[in-house]
1. Would you tally the residues in the stretch 51-103 being at pLDDT 95 or above and hydroxyl-bearing (Ser, Thr, Tyr)?
2. Would you be able to tell me the number of residues in the stretch 90-130 that are surrounded by fewer than 17 Cβ atoms within 10 Å (Cβ to Cβ), part of a helix (DSSP H, G or I) and in contact with a strand residue (DSSP E or B) (Cβ under 8 Å, 6 or more places away or on another chain)?
3. Counting just the residues of the stretch 49-84 that are touching a strand residue (DSSP E or B) at 6+ places or on another chain (Cβ under 6 Å) and of a type in the set (Lys, Arg), which one comes out surrounded by the most Cβ atoms within 10 Å (Cβ to Cβ)?
4. It is to be established whether one or more residues within the stretch 31-43 are charged (D, E, K, R) and either surrounded by 17 or more Cβ atoms within 10 Å (Cβ to Cβ) or part of a strand (DSSP E or B) (or both).
5. Does the stretch 9-30 hold any residues that are aliphatic (A, V, I, L, M) and surrounded by fewer than 24 Cβ atoms within 10 Å (Cβ to Cβ), and which are they?
Amino acid sequence: MMTPEMLVKLALEAREHAYTPYSGFAVGAALLCADGTVYQGCNIENAAFGPTICAERVAVFKAVYDGKRDFAGLAVAGGRAGEAVTGLFPPCGVCRQVLREFCGLDFPLYLAKENGAFETHSLGELLPFSFSNADMS
């Protein structure tokens, strides 16, 4: 069974794959599906900036491509490339909205801190007054 600690470790591992020649900030994500499958993602920058994609969306899009739609948690680790994580690096607003497409407000996010520690926050906490598919009916 995947624990939050293990998920955070996988996010830290994914961070090592980031391509960040412009910002120098490397982010890794590990998305836990309800069936126990884990999808990792890293941020990938582009000189034109618009095509840049965040680690969280890479992980979600990989999972969706494989037919997964039911997610159980997400770990995120970020900070200066080549350096240890020194503080929280929560998902950006776009990533929060992408998560909201598939996840409820109680969806847990494990945000890595220094020395393998992490904080747990809900999606609802990070995205109050969210817009979801329920608003489309």
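The values are calculated or read from the model by the stated rules, or taken from the named source; none is laboratory data. Predicted, not measured: the structure shown is a model, and the values here were computed from it. Glycine also receives a Cβ, built like all others from the backbone with ideal geometry; neighbour counts cover every protein chain displayed.
1. Qualifying residue count, the stretch 51-103: 2.
2. The total comes to 0.
3. Result: 68.
4. No, because not a single residue in the stretch 31-43 is charged (D, E, K, R) and either surrounded by 17 or more Cβ atoms within 10 Å (Cβ to Cβ) or part of a strand (DSSP E or B) (or both).
5. Matches in the stretch 9-30: 10, 12, 18.
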